[in-house]
Structures are given as C-alpha cells and as structure tokens.
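Structure first, then comments.
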Amino acid sequence: MTLDKPSITDRVKRAFAAFDLPLVVIMLLLLAIGLVALYSASIDVPSRVTSQLRNIGLAFVLMWLLASLPTQKLMRIAVPLYAFGIALLIAVFVIGVTKNGARRWINVGVVIQPSEIMKIAMPLLLAWYFQKREGGVRWYDYVVAVVLLLIPVGLIAKQPDLGTALLVAAAGLYVIYLAGLSWKLILPVFLAAVIAIGSLLAFESRICQPNVSWVGLHDYQKHRICTFLDPTSDPLGKGFHTIQAVIAIGSGGVTGKGWLKGTQAHLEFIPEKHTDFIFAVFAEEFGLIGESVLLLLYFALVVRGLMIAASGATQFGRLLAGAISMIFFTYSFVNMGMVSGILPVVGVPLPFMSYGGTALVTLGVGVGILMSVAREKRLMQS
C-alpha cells in the first residue's frame, strides 16, 4: 500500500499556513506603493530599488519564521533578547561607530543598530513580565515595568537618538497600558504634557533664544523643537526640511502631479526623500486621493492587528499583539506628522515605504509576531 504524495498546491498551503491573509494583502499593497514612490524618489539612483527588493525578501523570510513560531517560544526568548539588546546598547558607548555626531552603530562584520532590537525586545519582555503576573498585578509591578523600560530608553537617548528612544518608549508604554494601568495614573502625565506643550507655544520666543539652555536636551534637539514651532526661523537650515515637504504636499492638490512628475522631489528640494520624507514625494505625485488610500491601508493594518490582539489565546499574545499594532500606528502618525509640519522632525521612517533594511526587517518581524498570535488562536479553535 502506497500513500499519495501531497501535490505542489498542498505543499505551498502547508508552508504558508501560518500566514494571516488580510495582513499579507495589506503589507503587499503598502510595499508595492512604497516601491513606486521609491523609484520616483531614487530616479537618479536606481540601485536603491534593487536593494529594497532584497530587504523585502529578508523581511518576508523573517516574517515567515516568526509566524511559524509558537508564542510559547517567543516567551522563552523575551528575557535573553532584552538582556542581549541592553548589552549591545552598552557596547555602543565602548566600541560604537560614530556617524554625523551620533554613536548608534556597532561593526560586527556588518554594521548593526542595536536600538532597533529593542523595538521588538521591549514589548516582548513586558508582555512576558505581565503574563507571569496574570490575575495578580500589583501597583509595584507597574513601577518595575517602567524601570525596565527606562533603562534602554535612557541608553538610546544618550547616543543620541531621540526618535528611536520615543518609539521604544511607546512600545513599552502600550504594553503597560494594555496590562491594566489605571487612568488615575495616566491622567496626571497627560495633563503635564498638555501644560508643557502649552508653555512651549506661549513662551517660544523667549526659551528659543540662543543663550537659553534646555536641561536634559542637546542643543540640536532644542533647535529641532524650536524650528518645529517656527520653521521660518531657520528656512535654510533645520526648517528647510519641513518647509519644502509642506510645499510638496500642498502642491500635489487633489489628484497629484502624476508619477515621476513631482518637481519638489526631482529638483532636489526635498531632503532625505527616499527615507524619512518619502511621504512628501508620494503626496506631491498622487495628491489627496493617494494620501487617502495610504491612510486607509495603515488604518486597516492597525485595525487588523488589534482584532488579532483582542482574540489572542493568552495574555502574553494579547499584550504583545496590541503593542505591535499600536507601534505601526505610532510609526505612521509620527512620520506623516513630522513631514506635514505638525510634529518635530525626529527621524522616524514610514512603515513599508521608506528605504532601509533595518526598519523594514523590524516591521516584518512585528507582522510575523502578529501572525504567530493569530495562528495560536486558530490552532486552539481547531
């Protein structure tokens, strides 16, 4: 008696059984739009598109591996990955590579940025921490969680890399909030932030004077915030990015100027047009209609992630999936906000669109983890 060999179709289905179809479709659409925008932004450097395709391939491989990995194994690597990430962040200050005045990288045969590891390691660790305390979380558990969060955030901010520090902080805070942090503790922090922002707006002309130092911030960070409040104060310097990006977005109108016809991008007025400011290139060429499609795709990505989180089989899976979904929101909101001039420029890429391997791989890993949580629920139901 011989058993029939499975067909090629059956083998493909088994290989990709862990994939969540809605997530894959959304991700592929965003990547396709990103490649279209990147080609236009890099018309003078076509090799970037080829390089980005390699990055996409690597991201998909890691996504597939993570999607096939049970969440129990993710829990096992949470503490080692966090400890490894902290060790690398400390090593940055000893053997780190300095570029443009910032020491953020380590050369281990290939140049890596350890802070990227913490974008995944931080929510993993905190989700593991609260899973271990499921049903019996005390107030001091939140204090411990905040301390665990502040260690990498402080090390990253010291490099200095304020943008990545904010993303890691957001990833950890999402887990802490979803773990049941009371609004009585959140509200005072929110009010303090409102007062601080209001004070910045009210006293901007005084505190942004060259002879005024801001405690805890570097001069370039102070200058970046002051330029955000009034880009015209440095139109050929730090304000140049914001001014030119806003001009590009506005000039796109409703329907845009057409693919490869964006003047702001092709006349080199938009800086970092293939990375942090790729949204300005896309908005100029595809207008309000294109922007609306892009916003709907990011909205669908976040909603699908939250749906997976809501139906997670374990608290670990729910917390982790919820935090990763909100990280996608944070990436998108901060990038579009800084390009549109409503937020300071902090160097945050646009998910699945900005050129770059490290960020794309991190996002691919995040999608893979979401699929792992969704797969666990399907297995329990079956």
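One table, with the values for the structure above:
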| item | result |
| --- | --- |
| Answer residue from the stretch 251-266, given it is surrounded by fewer than 21 Cβ atoms within 10 Å (Cβ to Cβ) and touching a residue at least 60 places away in the same chain (Cβ under 8 Å) and is nearest to Leu30 (Cα to Cα) among those | Trp259 |
| Residues of the stretch 295-305 satisfying the condition of being without any contact (Cβ under 8 Å) to a residue 60 or more places away in the chain and crowded, with 16+ Cβ neighbours inside 10 Å | Val302 |
| Test for Val189: is it farther than 30 Å from Asn100 by Cβ and hydrophobic (A, V, I, L, M, F, W, C) | yes |
| Which listed residue, of Leu185, Leu181, is modelled with pLDDT of 75 or more, part of a loop (DSSP other than H, G, I, E, B) and not small (Gly, Ala, Ser) | Leu181 |
| Hits in the stretch 219-236 - residues which are in contact (Cβ under 8 Å) with a residue 12 or more places away in the chain and closer than 22 Å to Glu268 by Cα | Arg224, Thr227, Phe228, Pro231, Ser233 |
| Residue under evaluation Pro271, criteria (1) in a helix (DSSP H, G or I); (2) closer than 21 Å to Asp161 by Cβ, criterion not met | (1) |
| The stretch 195-212 residues that are under 19 Å from Pro231 (Cβ atoms), paired with ones that are surrounded by 10 or more Cβ atoms within 10 Å (Cβ to Cβ) (beta carbon under 6 Å, 6 or more apart) | Glu204/Leu229; Cys208/Cys226 |
| Residues of the stretch 321-375 satisfying the condition of being free of Cβ contacts under 8 Å to residues at least 60 places away in the same chain, open to solvent by 10 Å² or more (accessible area, probe 1.4 Å), part of a helix (DSSP H, G or I) and farther than 17 Å from Tyr174 by Cα | Met336 |
| Qualifying positions in the stretch 267-282 - open to solvent by less than 10 Å² (accessible area, probe 1.4 Å) and over 20 Å from the mean Cα position of the chain (by Cα) | Ile270 |
| Test for Val144: is it surrounded by fewer than 20 Cβ atoms within 10 Å (Cβ to Cβ) and at pLDDT 90 or above | yes |
| Hits in the stretch 88-135 - residues which are open to solvent by 30 Å² or more (accessible area, probe 1.4 Å), of a type outside the set (Val, Ile, Thr) and farther than 20 Å from Ala323 by Cα | Phe93, Lys99, Asn100, Gly101, Arg103, Arg104, Trp105, Asn107, Gly109, Gln113 |
| Any chance Ser205 is small (Gly, Ala, Ser) and open to solvent by 70 Å² or more (accessible area, probe 1.4 Å) | yes |
| Pair list, Cβ < 7 Å and 6+ apart or interchain, from the stretch 279-290 residues that are at positive phi to residues that are of a type outside the set (S, T, N, Q) | Gly287/Gly252; Gly287/Gly253; Gly287/Val254; Gly287/Gly256 |
| Meets criteria (within 30 Å of Trp105 (Cα to Cα) and in contact (Cβ under 8 Å) with a residue 60 or more places away in the chain) for Leu149 | no |
| Filter result for the condition that a residue is over 30 Å from Gln264 (Cβ atoms), part of a helix (DSSP H, G or I) and not small (Gly, Ala, Ser), over Val61, Val49, Val36 | Val61 |
| Residue pairs meeting the criteria (Cβ under 8 Å; at least 6 apart or on separate chains; first open to solvent by less than 50 Å² (accessible area, probe 1.4 Å), in the stretch 60-74; second of a type in the set (Phe, Trp, Tyr) and part of a helix (DSSP H, G or I)) | Thr71/Phe316; Leu74/Phe316 |
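The values are calculated or read from the model by the stated rules, or taken from the named source; none is laboratory data. These numbers were taken from a predicted model, which means no experiment stands behind them. Please note: Cβ atoms are built from the backbone with ideal geometry, for glycine as well, and neighbour counts cover all protein chains shown. For accessibility, only protein heavy atoms count, side chains too; no ligands or nucleic acids. Shrake-Rupley method; radii C 1.70, N 1.55, O 1.52, S 1.80 Å.
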